[in-house]
Amino acid sequence: MKKLILPLFAFVLFNFLNAQAPADNDPAAKKILDELSKTTKTYTTITAEYTFTILGKDKKQVDKQDGKIQVKGNKFRLEIPGNTIVSDGKTIWNHNKDQQEVSIKDVEPSEDDMMDPTKIFTMYEKGFKYLLDKDEKTEGGVVMKVVKLYPAVKPEKKKYHIAKLYIVKNQIKMVKLMMRDGGEQTFEIKKFTPNLVLTDGSFVFDTSKFKKDQIVDERGGK
């Protein structure tokens, strides 16, 4: 089966070879992140439409795609070009539409919250030091606060060393991720809708329409 690198699982940040994490967390940044966390925790579900853009180290565009994600607790449903990825928190189904195949795996915990799509809106809550960027970004007449995140847990094993969160009214509008090779990845939220009614059945993939040879079950004991 064709391997897929999920864009949400590929979050890495801009290359500043001399960038250093602050010795202490910035109180101004902490205030912004605390308010963001407080608001996010009131959501029972999250539905977001986004654009994911990858730039190479020469800053030329390598890839750009639109997607949609739904999150409910530890469950998620991700729609990206060519694939639908669904998880009920225990099992993850990956439907490759081009090959009409479905792979099934057990959900494995990740040490890096950036690798977990259910934590994309809360990944800043642990494992980072943070600093408020003096340079605010204005887009469409809206001023966004910019908070820099620096990995604080085993940073030498991370592929990134700075993430920038662009925040407006206690909502993440954009995450800019920068890679050690100088590349850049941007996750820009186009539409954000909290608290939609999403049934648990939305996070289970129906394989009954597929033939046996179209299903690759990689779960332990299966």
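The values are calculated or read from the model by the stated rules, or taken from the named source; none is laboratory data. Predicted model only: the values in this text are computed from it and were never measured. We place every Cβ from the backbone using ideal geometry, glycine too, and count neighbours over all the protein chains shown.
What the table below lists for this structure:
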quantity	calculated
Of residues in region 164-182 being under 17 Å from the mean Cα position of the chain (by Cα) and closer than 19 Å to residue 46 by Cβ, the one surrounded by the fewest Cβ atoms within 10 Å (Cβ to Cβ)	171
Residues located in region 32-78, provided they are surrounded by fewer than 16 Cβ atoms within 10 Å (Cβ to Cβ) and part of a strand (DSSP E or B)	49, 51, 61, 62, 63, 64, 65, 66, 68
Filter result for residue 205 (at pLDDT 95 or above, closer than 22 Å to residue 65 by Cβ and surrounded by 13 or more Cβ atoms within 10 Å (Cβ to Cβ))	yes
Long-range neighbours under 6 Å by Cβ, at least six apart or interchain, first residue assigned to a helix (DSSP H, G or I) within region 103-122, second modelled with pLDDT of 65 or more and not aliphatic (A, V, I, L, M)	113/119; 117/76; 118/74; 118/76
